[in-house]
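What follows is calculated from the coordinates using simple rules that are stated; it is not laboratory data. Being a predicted model, the structure only gives us computed values, none of them experimental. A quick note on method: Cβ atoms are made from the backbone with ideal geometry, for glycine too, and the neighbour counts reach across all protein chains shown.
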């Protein structure tokens, strides 16, 4: 398999990973909360008026994405039909409930805390992602 150099952005990926790790660290050190996005969003749905830190966290995610898009001058385009996005979103939602957390909660925070459950969950996420990409490009 050849590397597509037009889409291979190791420095951008590295800096993004460092920022995610920094944000997760600041959150756990400052208020003792784990940066699991499914839990952050779930808390907003159940306690929308008492979750200022959750609103700030989600607002930061959105603001950074918009800011980066404005800085780069490139609009995000999604070529996948909307129905597949809905199906994928539902699968992720169900998976986060059964897996007791999402990729960020397990992969970033859980592994850093030495959780065996998070290591297993992240291995499963990655395996399913690789199989999905392989199937998508194969068929």
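Assorted remarks:
- Selected residue [in contact (Cβ under 8 Å) with a residue 60 or more places away in the chain, over 17 Å from residue 129 (Cα atoms) and surrounded by 15 or more Cβ atoms within 10 Å (Cβ to Cβ)] from 108, 40, 34: 34
- Residue 62 falls short on exactly one of the conditions (1) closer than 30 Å to residue 138 by Cα; (2) under 15 Å from the mean Cα position of the chain (by Cα); (3) loosely packed, with under 11 Cβ neighbours inside 10 Å, and that condition is (1).
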